[in-house]
Amino acid sequence: MSDKFAQLILEGKTYTFPVYEGSYGEKAIDISTLLKQTGHITLDRGYVNTGSCTSDITYLDGKAGVLDYRGYAIEELAENCSFVEVAYLLLHGDLPNEQELMEYRDLMSQYALIHEDMIHFFDHFPPNAEPMSILSTMVNSLHNFYPELTTHPDPTETFDSITARLLSKVRTIAAFSYKKSKGHPLIYPRYDLNYCENFLNMMFDTPTRPYKILPEVVSTLNKLLILHADHEQNCSTSTVRLVGSAGVSLYASIASGINALWGPLHGGAAQEVVEMLEGIYADDKDFEKYIRKAKDHSDPYRLSGFGHRVYKTFDPRAQIIKKSCDETLAALNVSDPLLDVAKELAERVRNDDYFVSRNLYPNVDFYSGIIYRAMGIPTNMFTVMFALGRLPGWLAHWREMIGNKESRRIGRPRQLYIGPTRRRFIPLGERK
Ligand code: ACO
């Protein structure tokens, strides 16, 4: 119950609505009775100002550039934790102790393989199939191979096994899809390797040329996955919650999240960034031309990797990853001219009024693409990497949604109809 209220005066009449406060004093007016009380709905295109739920998973302050998972600063988690520890934190609400972590890791290793019948699916995609389409198809079809977990009357009871299964299988599917696209033999997951080592090994080990796992690369991949692990009610997470609210299986909800993430305005941005930097480099580094295009509202072109719906200052994830970018390229002994193009572009944007006045700073995806490229991950798989990282967040939100009576209601926004009013039906032969 709330002891604070907001009043709305509409056509001379006063209506009262409860005001709720978040952990840091953020305020929300509960307008769920607005329609009933006033006959009006709220209109909020793109949900710029609409809270769809309460949540205790992630705290984000876009003005101050703060991001916390379950109360822990992203900087500390990225520096000190493994991705699996952070996944456990998001899923369970607390960091695991050593025993809990060991048990969860064991569960993941146990489920790392995918049903051999699913491997045949890869053979039937066309050679240039989009990796995100393959990933969502495969995740959706997990429902047919492991239905017992999602048809359990209380899905929270099977949650540990289904999340461990998804986290390790999605990693296996991602690596297998890469191997299939190369026409190389599949490399199976190994019990002795940790999550990131296993992924890199499945991606790059070959029977003729063993892959050397570098600790610097493992550490950067671990950081990247942690930085992407959750970001509260973004487009793909809201999709997972909305689709899940219809009562479909967890696999179907996650597959929908993967499809939402695919978009260039969301998870597809890292790929767009590298393609943009390649374009600028190939165009004799004509920065001014691209900046001009991005500023011209009659041109749909935008500088990828700049701007964010919520951050109106530096994206804290971009700050962390910018540092790792130099370190990883040095460890791999890679000198990438695109990194210089990226740095110069960021510098020009930082001094340009258009971007400064609109608070358009580099976001997390501005640097992640350059790192993935140095690791040898192909550009069309960058969004798959994002999906691997975001999976624990999607799972945590799905669990929160089904475990909470209020937010479990089926998601169903309203609309303001602006089409034609009722008109006379004209039979086919009489239409002009
Ligand atoms: N380049 C040029 N102008 C931009 C850019 C950009 N990258 N981003 C925003 N703007 C401008 C808009 O044209 C608009 O200008 P106006 O006020 O004169 O009309 C103003 O800045 C505000 O932009 P909106 O589109 O209203 O901001 P919104 O919050 O809706 O969009 C978004 C955020 C989608 C991230 C946007 O900044 C963008 O398209 N960025 C490029 C794509 C990108 O990097 N996406 C990744 C986001 S991070 C993630 O998903 C992990």
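The values are calculated or read from the model by the stated rules, or taken from the named source; none is laboratory data. All figures in this text were calculated on a predicted structure; none of them were measured in a lab. Cβ placement follows ideal geometry from the backbone for every residue including glycine, while neighbour counts extend to all protein chains displayed. Keep in mind that these areas ignore ligands, DNA and RNA; they rest on the heavy atoms of the full protein, side chains included. Shrake-Rupley method; radii C 1.70, N 1.55, O 1.52, S 1.80 Å.
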Subject >> Evaluation of residue 270 against (1) in a helix (DSSP H, G or I); (2) at pLDDT below 95; (3) among the small types (Gly, Ala, Ser); (4) more than 16 Å from the chain's Cα centre (by Cα) (one fails), failing number >> reply: (4)
Subject >> Test result for residue 414, open to solvent by 100 Å² or more (accessible area, probe 1.4 Å) and touching a residue at least 12 places away in the same chain (Cβ under 8 Å) >> reply: yes
**OP:** Please go through region 272-302 and pick out each residue that is surrounded by 20 or more Cβ atoms within 10 Å (Cβ to Cβ) and away from the ligand (no atom under 11 Å from the Cβ).
**Re:** 274, 277, 280
Subject >> Subset of region 220-250 that is in contact (Cβ under 8 Å) with a residue 60 or more places away in the chain and among the hydroxyl-bearing types (Ser, Thr, Tyr) - its residue that is surrounded by the fewest Cβ atoms within 10 Å (Cβ to Cβ) >> reply: 238
**OP:** List the helices (runs of 4 or more DSSP H) that sit entirely inside region 63-112 and contain at least 2 residues that are among the hydroxyl-bearing types (Ser, Thr, Tyr).
**Re:** 98-110
**OP:** Please work out which one of (1) over 22 Å from residue 416 (Cα atoms); (2) open to solvent by 80 Å² or more (accessible area, probe 1.4 Å); (3) touching a Pro at 6+ places or on another chain (Cβ under 9 Å) is the condition residue 29 fails and give its number.
**Re:** (1)
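Just the residues that are under 20 Å from residue 157 (Cα atoms) and crowded, with 17+ Cβ neighbours inside 10 Å, please, taken from region 110-128. Walk me through how you get there before you give the answer.
Step one: filter region 110-128 for residues under 20 Å from residue 157 (Cα atoms), giving 110-111.
Matches in region 110-128: 111 only.
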Original post:
Which ones in region 310-369 are among the polar types (S, T, N, Q) and open to solvent by less than 80 Å² (accessible area, probe 1.4 Å)?
Top reply: 313, 324, 328, 359, 363, 368
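Do we find a residue being within 14 Å of the ligand (Cβ to nearest atom), modelled with pLDDT of 90 or more and not in a loop (DSSP other than H, G, I, E, B) anywhere in region 329-343?
So in region 329-343, the residues within 14 Å of the ligand (Cβ to nearest atom) come out as 342.
Those left that are additionally modelled with pLDDT of 90 or more: 342.
Still in the list and also not in a loop (DSSP other than H, G, I, E, B): 342.
There is at least one residue in region 329-343 that is within 14 Å of the ligand (Cβ to nearest atom), modelled with pLDDT of 90 or more and not in a loop (DSSP other than H, G, I, E, B).
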